[in-house]
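Only one structure is covered here, and it is reproduced in the block below.
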Amino acid sequence: MPDEAGSKSNSEAKPSGWLMHQWVVAGIVSSAARFIPVPFVDGYVQSQCRRYVVRRTLAAHERPELLRELTPYFDDGSGCLAGCVGSIVKVPLKLLLFPIRKIISIVTSIRGVPLEIVRTVLLGRTLDRYLRNGPVAINDLSAKHMRTAFDAAFARMDFHVVQAAMADALSSVGGWKSAAIKCAKSLANGNESAEPQIESEPKVDDGATNVQQVLDRPETLELFAKFDQRFDEILNGLPTAKLWP
């Protein structure tokens, strides 16, 4: 493990602007899946976007071999369309409730879109923070603990101020939503067996740039630091949840 000073320096270091941009773009595309009127596509696109975020983050740290072990951290089981369709128990109920869920999803998009972006960014940021702290021992169990800690910490946070700021940032870019939906559809139509690729549209990139400015604000950084603290506290309280070798 690195010394205390080095660990603190790494944990406080910001990810590169390029990597942050990838996270935000993935978050915008993931959030746009709610507007596609096709059953199961929203969950599939979200799963692919989160896989993309983790893969990009690992590549930035030259640790691509950890992708398989980290699957429980980013995948909730909705990443396989064939698997969803093959579930004879869940599919009929999901199809029955789909119109209602889709209406609710669209109506609540003013809050849901920014929140999905925040979740996607924090997913990458949390992994980036641990990789910066030195050699990390990640296996299936530790990845599950990371996911448990992430979900618990996220549920306890109040992101209303950041959500409002993000909504304003996106509203200043005309056509971002249709561009993001186009990216989401392209991702949904891609080869399921291949690694997800997000071909960003110019309007999506513009929206991501505006959102990045919100993420760089002192109040956002303070909020994210609070999330880090809660994540660490929850993770350290889990049995055998040890990332360091």
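The values are calculated or read from the model by the stated rules, or taken from the named source; none is laboratory data. The shown structure was predicted, so the numbers you read here are calculated from the model rather than taken from an experiment. For the accessible areas, the whole protein counts, side chains as well, though only heavy atoms, and no ligand, DNA or RNA atoms are used. Shrake-Rupley method; radii C 1.70, N 1.55, O 1.52, S 1.80 Å.
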Backbone HN-Hα couplings from phi across the range 197-213 [Karplus 6.51/-1.76/1.60, Hz, Gly and Pro as x]: 10, 9, 8, 6, 8, x, 5, 5, 4, 4, x, 5, 4, 5, 5, 4, 5
In terms of the Cα gyration tensor, with a ≥ b ≥ c the square roots of its eigenvalues, is the range 201-241 rounded because a/c is under 1.5, prolate because a/b exceeds b/c, or oblate? oblate
Exposure ranking of ARG217, ARG51, ARG68 by accessible area [1.4 Å probe, largest first]: ARG68, ARG217, ARG51
What is the extension gain from ALA164 to SER186, computed as 0.36 nm multiplied by their sequence separation minus the C-alpha to C-alpha distance, in nm to one decimal? 5.1 nm
With all protein chains present and a 1.4 Å probe, how do LYS182, LYS226 order by accessible area, largest first? LYS182, LYS226
Once the whole set of protein chains is in place, how much accessible area is left on TRP18, using a 1.4 Å probe, in Å² to the nearest 10? 140
Hull-based mean projected area of the range 149-194, where the convex hull spans the alpha carbons, in square nanometres: 5.2
Rounded to the nearest 10 Å², what accessible area does VAL41 show when all protein chains are kept and the probe is 1.4 Å? 20
Ranked by accessible surface with a 1.4 Å probe, highest first, in what order do ASP205, ASP168 come? ASP168, ASP205
